[in-house]
Amino acid sequence: MTNILLIVTQDTKQEEAAFLRDCLEDAGCNVIHLDPSVRKTIGGAEISPKDVAAATGTTLEDIRAIGHEGKIQGVMIEGAVKLALEVHAKHGLQGVLSIGGSMGTTLSTQVMQALPYGIPKVMISTLASGMTEGFVGVKDITMMNSVCDISGLNSISHEIFRSGAYGVAGMAKNLKPVGESEKPLVLMSTLGTTETTMRSVREALEADGCEVMVFHSTGNGGRTLEALAAERDVAAIVDMSLVEINDFLHDGICAVGPERGTTGLKRGIPTIFAPGNVDFYVMPTQLATGDAPFDGRRYHIHNIALTAVRTTEADLDILADHLAGMMKETDEPVSFFIPLGGFSDHDSTVGNLYEPSLPPLFAEKCKAVMPSNVAVTAVDAHINDQVFADAMVAAVRAAIQKN
């Protein structure tokens, strides 16, 4: 049986909920409707608003009396997440489907984020054409633009809702869970500008029998790496793209926050760092205007959205101090490999931000400020040279064998 959790508030979307149920049942799915309505109870849902309230140890009447929509929603989210996890544990869910505006999207995606990776999760939302970061988080949530407001059925919404329903049904009916691998898990960060070495490291570790997960360090990738480092049994972390940390220090658009890079250290996971892509931080391209944008720093317009801004010696000094403070989070040994020939494709003889004097200065700064548990190794090579990749592979192998 293919179980689909349908999350729709019937107090405002009864017609739409009925239509989605019909589509899912027509596709051969068993529908479990979770209705987190607050205004009134319509009936017919397998999980009623009263059930959601009761899961938090209270009643709908008491929740309504709170009188603040944000606080009310917080309670309903708590109950909805609890019940969704119970349903999954008892019956097994093969898919989740929801429609909503800002409030419905917030509640439903919180439920989706609580469910395991791999379960198809489709959110049809008025916010899907933008502002999706907080809703998707680090989970595999598919956002569909509702185009129209979710207010009844019309010729556009009819087709969009139908596509979403049959789409999640198709994914759910073909779901073949793989489960967590028994291979040693290695987490890596990269960007396209350090992909050459990433690929060499990944292929070498996979040949050793490791499972390697690679994350694109544009913000969400770093968040996901940190989340998995917190919840999975991780053999090692190869954090070789630190642009998200640079962006945090410079208010760039890929900033993750002060916790970036710290989860593995706090858990004692062997971590091998490299300063990949620290030759720049990322800013919106629309700011690349005027005679001297970005305080006169060199920059390279990568595309219409992203511009790489060259870091200066002072910027790299700030980064070194930040990394040193971050690496004090652990007493365990940490490896930090620094390529003296450049930090990315941009920082190369054929790149747009090449500055050969800076990597050696950064290496000296790091040697001066790093705590005693950090082994700083300067490698006379570019970060994308094979010799640099080989050095990191050797460090990962040694760390895994030691553990």
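The values are calculated or read from the model by the stated rules, or taken from the named source; none is laboratory data. Quick caveat: nothing in here was measured; it's all calculated off a predicted structure. As a convention, Cβ positions derive from the backbone with ideal geometry for all residues, glycine included, and neighbour counts pool all protein chains shown. Note: accessible area is taken over every heavy atom of the protein model, side chains too, but ligands, DNA and RNA are not part of it. Shrake-Rupley method; radii C 1.70, N 1.55, O 1.52, S 1.80 Å.
The table below gives the values:
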item	result
Fluctuation leader among PRO284, PRO49, PRO275 - the chain, Gaussian network, Cα springs under 10 angstrom	PRO284
Extension gain from ASP251 to ALA368, taking 0.36 nm per residue of separation minus the Cα-Cα distance	39.5 nm
Rounded FRET efficiency, nearest 0.05, which uses the C-beta distance separating GLU182 from GLU46 and R0 of 41 Å	0.70
Estimated FRET transfer efficiency when R0 is 35 angstrom, pair ASN154-ARG64 (beta carbons, to 0.05)	0.65
Inter-part distance where the stretch 154-225 and the stretch 1-34 are each reduced to a Cα centre, Å	27 Å
Hits among lysines - C-alpha to C-alpha of LYS40 under 26 Å, sequence gap 8 or more where chains match	LYS13, LYS50, LYS71, LYS82
Of all accessible heavy-atom area on the chain, the percent that carbon and sulfur account for (1.4 Å)	50 percent
Potential lengthening between ALA54 and ALA89 on full extension [0.36 nm per residue; Cα-Cα distance subtracted]	10.7 nm
Tilt relative to the chain, helix 195-207 - C-alpha long axis, 0 to 90 degrees, to 10	80 degrees
Span from the the stretch 278-331 Cα centroid across to the the stretch 51-84 one, whole angstrom	44 Å
Calculated [θ] (222 nm, deg cm²/dmol) that DSSP helices of n ≥ 4 give over the chain, each run adding -39,500 (n - 2.57)	-13000 deg cm²/dmol
Those lysines that a straight Cα-Cα span of less than 30 Å connects to LYS367, excepting residues fewer than 8 apart in one chain	LYS266, LYS328, LYS402
Leading residue at positive end of dipole, the stretch 128-252 (Cβ point charges), from MET131, LEU225, MET143	MET143
Gaussian network model of the chain, springs between alpha carbon atoms under 10 Å - residue of ALA292, ALA18, ALA169 with greatest fluctuation	ALA292
Where labels lie 7 Å past Cα in the beta-carbon direction, separation of ARG39 and ASP208 in nm	5.8 nm
Label point 7 Å beyond Cα of LEU175 along Cβ direction - residues of the stretch 14-30 with amide nitrogen under 20 Å	20-30
For the stretch 44-135: accessible area per residue (Å², 1.4 Å)	43 Å²
Backbone HN-Hα couplings from phi across the stretch 328-341 [Karplus 6.51/-1.76/1.60, Hz, Gly and Pro as x]	6, 5, 9, 9, 6, x, 10, 9, 10, 9, 10, x, 7, x
Rounded tilt (10° steps) of 10-26 against the dominant C-alpha axis of the chain	80 degrees
Estimated FRET transfer efficiency (ASP317, ALA292; beta-carbon r; R0 30 Å; 0.05)	0.85
Where labels lie 7 Å past Cα in the beta-carbon direction, separation of ASP140 and VAL387 in nm	4.1 nm
